[in-house]
Amino acid sequence: MNGLSFSAGSRRWLAALAGMLVLGVFGLPLLMLLLASVAGRWNGVLPSHLTLEHLRGALAGDERLALWHSLATGAAATAFALIQGAWGAIAARRAPARVQRWVDAVFLVPIAIPSVSIGLALLVAFSRPPLLLNGTVSFVILTHVVLITAYAYLNAKAGLARLPPHFEEMAGSLGAPPHMVLVRVTLPLLLPHLLAAAALGFALSMGELGATIMLYPPRWVTAPVEVFALTDRGLIFSGAAVSIVLLACTFAALLLLDRRRPRA
Amino acid sequence: MSAARSAGAAWRPFWLIFPLVALGVALVYPLGLMAAEAFVTPDGGHGLAGFIAVIGGGLFLGALQDTVRIALTATALCMFLGFVLAVLIHFVPFVGARALSRLIDAYLAFPSFLIALSLTFLYGNAGIFGAVGTSSGSSFLYGFWGVVLAEVSYYTPFVMRPLLAAFDTLDHAQLEVASSLGETPFGVLRRVVLPAALPSLLAGGSLCLLLTINEFGIILVMGVKDVTTLPMLIYGKAIEQFDYPGASVVALCNVALSLSLYFGYRRMLDRLPA
Amino acid sequence: MSDPQISVRGVSVRFGSHVALHDVDLDVSAGEVAVLLGRSGSGKTTLLRAVAGFTHPSEGRVYLDGRDVTLAPPHARGLGMVVQNYALFPHMRVADNVAFGLQARRRSRREIDETVPHFLEMVGMSAFAQRFPRELSGGQQQRVAIARALAIRPHVLLLDEPLSALDAPLRAEMLEELRGLHAKLPEMSIVYVTHDQTEAISLGHRIVLMRDGRIAAEGSPRSLHDEPPNRYAAEFFGQANLLPAAIEPGDAHGRLVRVCVARQVVRATRTAASPAAGNALLCIRPHDLRAAAGGGHGGDDNRLSGRVHSVRWLGATQRVMLGIDEVSIRVDLPGNVEAPRPGDPLSLSFDPERAVLLADT
């Protein structure tokens, strides 16, 4: 009952094809990463000498520090980006269409341009007075805020467009001043969209490499940079192990935010 | 929006000042300085000499060519594979198809360079297929097709998502009438489903093109030697050679290319039926 | 052609544990218009979809032109089909929509160029060949959908609630056009699914009344109306009065029998569906009852008397609710006679040939 009347035989065949394609394209890479993270050696078709050493290594020393840096950067950048993005979307909400188009354009530029270019631009700008930030931790956080604010703005804007219109009018008609409408009505209604934005922003920050690698200070190596550094030195199994832990942290955070999300 | 306007609530530009100032300092100011940096001459003055030297150089033209070739090839393959997979997931119900389409959403939060890393284990010199295949020389992975393969694996879901949304709004009665008129399932796909989903396919494809042009992590982590892309060139000039003016020239061109693609993409999105 | 055009034999359709169609038999001969009538969920659409090939029977066979097509995919069945929302292809012009089936059959350019205008003209849409569907009104879209289905010259045309998206005046007009169309293509069988009895009566040679996945009654509109085989059919058509009645002992044979209704004895007709004796239902239409004048002579001796509950004037008729003992009766009296007042006593007479007895189930 789905519109295309394949015969039963070809339907089975096509379902098998679909399963194989999906597993091959999306499942296999993840599986490889998992296997590599416990591989002792990988000379044949499959790895041998399975070991937990790499995973243990990923939770100790520099690797552990890098994970901590990523988590801290992700949390801080997400918080700032959320404020900036939501503020922008709410403030531009009732603006004339022409103004909105311009605000959109400025907010969404970081989605469009390569992160390496953003990294370079920040590097050029903040390595000189009056704003000398190069070498500081806040520089990395600022970079991530710039990169993920666009997504917060997009989500907040989409949420505002879908807001049921009468609640705010009703609150206003009951005598609530604008700031009270915002705090008591608009923001709570917007919350699911803001949490979705937070989840996406955090995940993007956790995996950010292009801009970070241009400007990270040596004492604030993030997990993706650490993965690159390890694999560049030929320590690919350790790199895989850090990746797995990085992914696990990201998904744990996503699940946590997803659970907080009120269901419609 | 019309509802907001009918509420009579006024727009207060004052509140827009704060986020715009923040964006100005953190984004517009750096991009402006970078643009200015692109026109710094080797002797420290300003002029077009350095800019023209980089633009006309073989390195830049080669990188531009590689970037566009990789992006176009990967995008075409993503659109093909994405269409096939979206059709299979939507029209051939199999166990877990629903869960799968949700998994695809999660996949979008996966950092791209991890794909490069995992492909190393699949096709690299030490990987599964590397062990089976020819032992002579390096794998195809470290060249053009390796990058394309990684980008296709990573960016196909970006094409599938709008397609699956488009299929959900498709009127199934049309497909049934088409087959009652004598069209085979593949004919129905070609003559009814494809035209209906074409705007979404093109929108997904142009997003994919934009993202593959901007892709950096995959190429960096894979350690590709044979091809250089614009983002790689920027990284190389800035971090390995400390040539900020040169890097800025490349970045400026890359930004111009990406922005024009992006605004084309948004125009296409606006024309999509909601 | 001795074989029926469509033959459905013992078809059941199950969706999981739900039985949508239960052991249905149906034959439609060439040139016949069969209307599948029923409420939503009665199985009428499932039966149509089983004929079209979109639903596979769990049991039973489907034959078209004597050929077993039970497992054939829809595109191999060669049926014309029109659905409720028309389902015109939005990206194709009207002419391309009509040409769709011919192209799917790889017909020559020349044949297509001749056929498409012919069928567009048949539905009166020649002037709109180059329009897109979104530029047409609902009725125009429906005409194009019909031309598209006819262009493949099917032996069988399936129509699934084709008029339900149109407003009432347009519906009546399209109904006339469908009748005219069938007159032009007299060899074509039509299966028409609807929940509307007016459409069913005005279009169908035969009405198949469906209920809970089974055929509840089947016959010409006239026979279903005048001699409903069961209570469901009687209630579905024209709000028949169904009065509890007892067949008088000793009246075991003969076409006309005496029955006792609310302690009054009247005469009624026995049909094949009537019980032999004992309790029954007296089925009589509101418009078959007349106000009886004064005494009781001649043909007016078959009467029921009661008290008027309420009167509603409806223009051509007035609907009187009459209470006789515990039962109440709907009566349609002509609108141009003086209305009885509530509380008045009223006697009704009726032709015993117009009152049939049904099993009380």
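The values are calculated or read from the model by the stated rules, or taken from the named source; none is laboratory data. Treat the numbers as computed from the prediction; the structure is a model and nothing was measured. All Cβ positions, glycine included, derive from the backbone under ideal geometry; neighbour counts span all protein chains shown.
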Item to complete: Any residue in region B:249-262 that's at the interface with chain A (Cβ under 9 Å from one of its Cβ atoms): show its pairings with residues that are among the aromatic types (Phe, Trp, Tyr) at Cβ separation under 7 Å, as long as the two are six or more apart or on different chains.
Response: B:VAL250/B:PHE60
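For (1) part of a loop (DSSP other than H, G, I, E, B); (2) within 18 Å of B:ASP171 (Cα to Cα); (3) within 13 Å of chain B (Cβ to nearest Cβ), each residue gets a yes or a no:
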{"position": "C:TYR63", "(1), (2), (3)": "no, no, no"}
{"position": "C:MET81", "(1), (2), (3)": "no, yes, yes"}
{"position": "C:LEU88", "(1), (2), (3)": "yes, yes, yes"}
{"position": "C:ASP96", "(1), (2), (3)": "no, no, yes"}
{"position": "C:LEU102", "(1), (2), (3)": "no, no, yes"}
{"position": "C:ARG110", "(1), (2), (3)": "no, no, no"}
{"position": "C:GLN140", "(1), (2), (3)": "no, no, no"}
Practice prompt. Being more than 16 Å from the chain's Cα centre (by Cα) and away from chain C (no Cβ under 14 Å) narrows it down to one of B:LEU164, B:LEU211, so name that one.
Written response: B:LEU164
Worksheet item: So how many residues does region B:221-234 have that are assigned to a helix (DSSP H, G or I) and surrounded by 24 or more Cβ atoms within 10 Å (Cβ to Cβ)?
Response: 5
Discussion item. I'm trying to understand the selection: among the residues of region C:177-214, which are hydrophobic (A, V, I, L, M, F, W, C) and out of contact with any Leu (no Cβ under 7 Å at 6 or more places or on another chain)?
Written reply: C:LEU181, C:ALA183, C:LEU185, C:ILE201
Worksheet item: Of C:ARG61, C:ARG14, which residue is in the same structural domain as C:LEU79 (by TED's automatic domain parsing), surrounded by fewer than 16 Cβ atoms within 10 Å (Cβ to Cβ), touching an Asp or Glu at 6+ places or on another chain (Cβ under 7 Å) and among the basic types (Lys, Arg)?
Response: C:ARG61
Worksheet, complete the sentence: Across (1) out of contact with any Phe, Trp or Tyr (no Cβ under 7 Å at 6 or more places or on another chain); (2) closer than 16 Å to B:PRO19 by Cα; (3) in a loop (DSSP other than H, G, I, E, B), A:PRO129 clears everything bar (2)
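For every residue, the table says whether it meets (1) modelled with pLDDT of 85 or more; (2) assigned by TED's automatic domain parsing to the domain that holds A:GLY207; (3) under 25 Å from A:VAL103 (Cβ atoms).
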| residue | (1), (2), (3) |
| --- | --- |
| A:SER127 | yes, yes, no |
| A:HIS144 | yes, yes, yes |
| A:LEU163 | no, yes, yes |
| A:HIS166 | no, yes, no |
| A:PRO178 | no, yes, yes |
| A:VAL183 | no, yes, yes |
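Looking at region A:220-236, which of its residues are more than 9 Å from chain B (Cβ to nearest Cβ) and either buried (at least 21 other Cβ atoms within 10 Å of the Cβ) or at pLDDT 90 or above (or both)?
Correct list: A:TRP220, A:VAL221, A:THR222, A:ALA223, A:VAL225, A:GLU226, A:ALA229, A:LEU230.
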Practice prompt. State yes or no: is A:PRO96 at the interface with another protein chain (Cβ under 9 Å from one of its Cβ atoms), under 26 Å from A:VAL225 (Cα atoms) and of a type outside the set (Asp, Glu)?
Written response: no
Discussion item. Restricting to region A:152-181, give me the number of residues that are under 28 Å from the mean Cα position of the chain (by Cα), surrounded by fewer than 17 Cβ atoms within 10 Å (Cβ to Cβ) and more than 10 Å from every other protein chain (Cβ to nearest Cβ).
Written reply: 2
Discussion item. Tell me whether region B:185-201 contains one or more residues that are touching a residue at least 24 places away in the same chain (Cβ under 8 Å), within 24 Å of A:PRO224 (Cβ to Cβ) and not in a loop (DSSP other than H, G, I, E, B).
Written reply: no
Worksheet item: When only residues in region B:56-114 that are among the basic types (Lys, Arg) and modelled with pLDDT under 85 count, which is farthest from B:VAL159 (Cα to Cα)?
Response: B:ARG98
Discussion item. Restricting to region B:32-76, give me the number of residues that are more than 17 Å from the chain's Cα centre (by Cα) and surrounded by fewer than 21 Cβ atoms within 10 Å (Cβ to Cβ).
Written reply: 26
Worksheet item: What pairs come up if the first residue lies in region A:177-195 and is touching a residue at least 12 places away in the same chain (Cβ under 8 Å) and basic (Lys, Arg), the second is in a helix (DSSP H, G or I) and surrounded by 14 or more Cβ atoms within 10 Å (Cβ to Cβ), and their beta carbons are under 9 Å apart, counting only those six or more places apart or on different chains?
Response: A:ARG184/A:ALA171
Response to the item:
Only one of (1) under 29 Å from A:GLY88 (Cα atoms); (2) modelled with pLDDT under 90; (3) within 12 Å of chain B (Cβ to nearest Cβ) does not apply to A:ILE213, and that is (2)
